[in-house]
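Contents: one structure, followed by commentary.
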Amino acid sequence: MSEYASLAAQGAFRLPIAKSFPFEQWRDAVQLSLSGNPHGKVVLLPSRLGRAEVSA
């Protein structure tokens with residue numbers, strides 16, 4: 001795991017993110033993931049203090 005973190009810090013390793021969703025929208029995330037064509041990883045973000053925060 002540390003090897004991947006090191007590569008990412010150097011910009012030599014990238015993981016494409018298709019879209020991120022607040023945890024409360026997990027159904028939408030599953031739908032996109034199962035569509036077979038998300039063009040990257042689908043990310044669920046944990047709620048923070050009861051509120052969802054999305055950065056993407």
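May I ask you to list the residues in the range 40-56 that are surrounded by 10 or more Cβ atoms within 10 Å (Cβ to Cβ), modelled with pLDDT of 90 or more and part of a loop (DSSP other than H, G, I, E, B)?
Within the range 40-56, G40 is the sole residue that qualifies.
If I filter the range 1-22 down to residues being at pLDDT 90 or above and surrounded by 12 or more Cβ atoms within 10 Å (Cβ to Cβ), which single residue comes out as nearest to R48 (Cα to Cα)?
P22
Is there any pair linking a residue in the range 4-30 that is over 16 Å from L44 (Cβ atoms) to one that is among the hydrophobic types (A, V, I, L, M, F, W, C) and in a helix (DSSP H, G or I), with Cβ under 6 Å and at least six apart or on different chains, and which?
F13/L7
The values are calculated or read from the model by the stated rules, or taken from the named source; none is laboratory data. None of the values given here were measured: they were computed from a predicted structure. FYI the Cβ positions are ideal-geometry reconstructions off the backbone, even for glycines, and counts take in every protein chain you see.
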